[in-house]
Amino acid sequence: MPIISKGGRKSLKVRLIYLLIYLILIAGTITMVYPFLLMLSSSVASPFDFDDLRLVPKYLTNDNALMKKYLFSKYGGANFRSFRIVYSRDRDWSTWSVIREEPDFLARNFSGVAKRYTANPEGCRKLIADWNEFKKSLPPQDIISFFPEDYDSYRKFLMNKYLKSCEKQNPGAFSKLSYGEKSTAALRELNRRWRRAFNSFAEILPLKCFPAEQKWSPPQRNDFADLLDYHRHLPPEQIQVVPTRMLWTFYLEQKFISPIKFTKQTGIEINQFSDIPIPEKTGEKLWPVWQEFLKKKFPLRLVKIRGDFSGQWQEKLKEEFKTVAAFNKQTGMHITGFSSLKFPASLPLNPFLRGYWQDFVLDKVPLKNWILNQPINLYLAFLKNKYHNIAELNKAYDTDYKNYTQIILPFKLADYVEFTENKSKIRWRYFTDNYAKVLEFLFTKGRAVLITVLLVALTIIGALTVNPLAAYALSRGRQSTSAKFLIFFLATMAFPAEVAMIPGFLLLRDLGLLNTLAALVLPGLANGYSIFLLKGFFDSVPRELYEAAEIDGAGEFTKFWRITFPMSKPILAVISLSAFTMAYGGFMWAFLTCQDPKMWTIMVWLYDFQSRYADEPGMCMAAFALASIPTLLVFLFCQKIIMRGIIIPTMK
């Protein structure tokens, strides 16, 4: 019988009460659903737009937001200063947050290249194709910025490289190994060649490089050779060529501090330092400053020397080493006399001679003999070699350049063309990238899924076996003895699970079960609350059923299996759900007893993933969303069972 009759429902007060109840329920639903939807939205965000806190990420519907996100992923933090200078916005763009808030981003920064692309798309595509070809032709050590920001792709490259290396050494035996054993062999080979002791590929970070420093040079080591090899295999879109203008601008900022001070000292009006061009003639006001910059800041590995300075070079080495024997001993070379040493036109490969060469160039070689391997010089040389003259280049690009000096590095045009022609792919990649990386990490960096499935299955089977048998024994046994046992079981509910962890850990350690599946499964086989709940239900089963079964000759197990067990399905279903929740969501016990990564469950893996990608909260949210799917599915498909578990104990 309903609490409120049909007549009573017609009352205005009752209807208002109904409305209030529904509003409260809707508000409660929103407070539960909104955070979940916000988590899903954040899971497809990057550090650039994670703080937007929008139910629908802006980049999915807005091209301005998508372009900003694209530039962030392309230039990131390592090349941000270069990015500001290339776009001539070093005064306005202090951080990516400022860029994120900038309205009409495309119209403000790409209107010129957009008109050019609209008027001549084929010529722009040809230009960008040549630009990418030029970037791939550059030796990695000649590029000012060549270290990866995508650490995962770098580690994947190393793993694949050393997997192939191990396979070549012993193809027959290597093919019989499991994936985990192959990865271990590849890591062992990497450690041997690098002379390191990594425990996993996840520990590998790109080497510390200082390519913008004047005297830095690529070290002659296997680890750095692998880094350069990684760079050679990058697609051209991911190769960042940093212009000399960036180093020049940094030097001016350091020297003059502010544009106002620069204007006072030089008489040249500027708004920002990126507006200052590189001087090309000796008579220009900034020519002395440019020479000072070359002497103090320009990377010497990008310098080639015109002319022969062998005599002075030999005198310097003779002064430093005194004897040929001392020179050969320190450099590992085998010369018969200093007169046989010719002055190298570029940075020598011998690591012991590099410092002497750099000091010699700075002290003895006039700047007029320096040939700078600036990106713009190399790019123009590439175009001249490919098109021979400006007329052929204009025909290919459908342009009207008068000479090669009008050509600039096409950073902005390349960004716009690549974005415009791949907009849908870029948007889809950003939408799925976090989940793809999480799934790849989950299924290839261990056995977390397999271990968790086995743990959940064995825990549920154990809970449906041990708990009902124990409860049936208590229900059918002597009541005085059963009461004592029941009090013992109830006592386990008086203390939190953390209290039992230390003695449980010590027991498993003494039994030698740590880092095994048994350590995860055994503590969850029996549960005091489940036994108490089942005993109460079993006590309610009519005794006449058991007496009738005894008359038919049934034993205790038959009575349990044929009578008690079928009648207990609602309670057993609730216990199964509880066992699933405890096994799947358990973290501390799994982390304590199975510290070997090969025995990690999904929850322990999730903790490791969260600490490893703490600076990428979007990926962490994607991991949380994926980890919550099994629990969500169980809740959606087992709502009736959950309600039975709530109602039946209440009726008892």
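The values are calculated or read from the model by the stated rules, or taken from the named source; none is laboratory data. Being a predicted model, the structure only gives us computed values, none of them experimental. Backbone-built Cβ (ideal geometry, glycine too); neighbour counts: all protein chains shown. What goes into the accessible areas is simple: the full protein's heavy atoms, side chains included, and nothing from ligands, DNA or RNA. Shrake-Rupley method; radii C 1.70, N 1.55, O 1.52, S 1.80 Å.
Checking each residue in the stretch 177-197 for being within 19 Å of G446 (Cα to Cα), open to solvent by 50 Å² or more (accessible area, probe 1.4 Å) and of a type outside the set (V, I, T) picks out L177, S178, Y179, E181, K182, R188. Selection of first residues in the stretch 260-283 that are free of Cβ contacts under 8 Å to residues at least 24 places away in the same chain and of second residues that are part of a helix (DSSP H, G or I) and open to solvent by 90 Å² or more (accessible area, probe 1.4 Å), restricted to Cβ pairs under 9 Å at least 6 apart or on distinct chains, gives the following pairs, ordered by first then second residue: E280/T405.
Residue count for the stretch 61-72 under the criterion of being touching a residue at least 60 places away in the same chain (Cβ under 8 Å) and crowded, with 17+ Cβ neighbours inside 10 Å: the result is 5. Residue pairs whose Cβ atoms lie under 6 Å apart, sitting 6 or more positions apart in sequence or on different chains, and linking a residue in the stretch 496-511 that is open to solvent by 70 Å² or more (accessible area, probe 1.4 Å) to a partner that is part of a helix (DSSP H, G or I), do not occur here.
Listed here are the residues, each with its yes/no results for (1) over 26 Å from P277 (Cβ atoms); (2) surrounded by 18 or more Cβ atoms within 10 Å (Cβ to Cβ).
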site: T31; (1), (2): yes, no
site: Y34; (1), (2): yes, no
site: S43; (1), (2): yes, yes
site: P47; (1), (2): yes, no
site: R54; (1), (2): yes, no
site: Y59; (1), (2): yes, yes
site: N79; (1), (2): no, yes
site: I99; (1), (2): no, yes
site: N109; (1), (2): no, yes
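When only residues in the stretch 444-485 that are modelled with pLDDT under 80 and either of a type in the set (F, W, Y) or farther than 19 Å from R543 by Cβ (or both) count, which is most open to solvent (accessible area, probe 1.4 Å)? Filtering first and then ranking leaves K484. Among the residues in the stretch 582-589, are any open to solvent by less than 60 Å² (accessible area, probe 1.4 Å) and in a loop (DSSP other than H, G, I, E, B)? The answer is yes, given that some residue of the stretch 582-589 is open to solvent by less than 60 Å² (accessible area, probe 1.4 Å) and in a loop (DSSP other than H, G, I, E, B).
If the requirement is being hydrophobic (A, V, I, L, M, F, W, C) and open to solvent by 30 Å² or more (accessible area, probe 1.4 Å), which of these qualifies: L383, L378, L372, L413?
L378
Rundown of residues vs (1) farther than 26 Å from A497 by Cβ; (2) at pLDDT 90 or above; (3) surrounded by fewer than 16 Cβ atoms within 10 Å (Cβ to Cβ), yes/no style:
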position: K598; (1), (2), (3): no, no, yes
position: F609; (1), (2), (3): no, no, no
position: P617; (1), (2), (3): yes, no, no
position: A622; (1), (2), (3): yes, yes, no
position: T631; (1), (2), (3): no, no, yes
position: V634; (1), (2), (3): no, no, no
position: Q639; (1), (2), (3): yes, no, yes
position: I642; (1), (2), (3): no, no, yes
position: M651; (1), (2), (3): yes, no, yes
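Got at least one residue in the stretch 111-124 being without any contact (Cβ under 8 Å) to a residue 12 or more places away in the chain and either within 27 Å of S42 (Cα to Cα) or touching a helix residue (DSSP H, G or I) at 6+ places or on another chain (Cβ under 7 Å) (or both)? The answer is no, given that none of the residues of the stretch 111-124 is without any contact (Cβ under 8 Å) to a residue 12 or more places away in the chain and either within 27 Å of S42 (Cα to Cα) or touching a helix residue (DSSP H, G or I) at 6+ places or on another chain (Cβ under 7 Å) (or both). Residue check: I204 meets all listed conditions (1) β-branched (V, I, T); (2) surrounded by 14 or more Cβ atoms within 10 Å (Cβ to Cβ); (3) under 30 Å from F411 (Cβ atoms) but one, namely (3). Filtering the stretch 192-220 to residues that are more than 23 Å from the chain's Cα centre (by Cα) and outside any loop (DSSP other than H, G, I, E, B) leaves R192, R193, W194. The listed residues are G355, G311, G283, G307, and the only one of them that is small (G, A, S), assigned to a loop (DSSP other than H, G, I, E, B), at pLDDT 85 or above and surrounded by fewer than 16 Cβ atoms within 10 Å (Cβ to Cβ) turns out to be G307. It is to be established whether one or more residues within the stretch 429-452 are under 30 Å from N377 (Cβ atoms) and assigned to a helix (DSSP H, G or I). No, the stretch 429-452 has no match at all.
Do we find that D223 is in a helix (DSSP H, G or I), in contact with a helix residue (DSSP H, G or I) (Cβ under 7 Å, 6 or more places away or on another chain) and either open to solvent by less than 40 Å² (accessible area, probe 1.4 Å) or of a type in the set (F, W, Y) (or both) in this structure? For D223, the condition - in a helix (DSSP H, G or I), in contact with a helix residue (DSSP H, G or I) (Cβ under 7 Å, 6 or more places away or on another chain) and either open to solvent by less than 40 Å² (accessible area, probe 1.4 Å) or of a type in the set (F, W, Y) (or both) - is met.
Of all residues in the stretch 257-280, those that are touching a Ser or Thr at 6+ places or on another chain (Cβ under 8 Å) and in a helix (DSSP H, G or I) total 3.
Restricting attention to the stretch 314-342, report how many residues are under 28 Å from L372 (Cα atoms) and open to solvent by less than 20 Å² (accessible area, probe 1.4 Å). Residues meeting the conditions: 3. Exactly one residue out of R116, R15, R89, R81 is charged (D, E, K, R) and not in a helix (DSSP H, G or I): that is R89. Applying the set (1) open to solvent by less than 60 Å² (accessible area, probe 1.4 Å); (2) farther than 18 Å from K598 by Cα to F441 leaves exactly one unmet item: (2).
Checked against (1) surrounded by fewer than 16 Cβ atoms within 10 Å (Cβ to Cβ); (2) modelled with pLDDT of 85 or more; (3) under 45 Å from the mean Cα position of the chain (by Cα), F360 passes all but condition (1).
Considering only residues in the stretch 514-568 that are in contact (Cβ under 8 Å) with a residue 24 or more places away in the chain, in a helix (DSSP H, G or I) and of a type in the set (S, T, N, Q), the one that is surrounded by the fewest Cβ atoms within 10 Å (Cβ to Cβ) turns out to be T564.
Tallying residues that are open to solvent by less than 40 Å² (accessible area, probe 1.4 Å) and either touching a Cys at 6+ places or on another chain (Cβ under 9 Å) or within 23 Å of T405 (Cβ to Cβ) (or both) within the stretch 252-280 yields 6.
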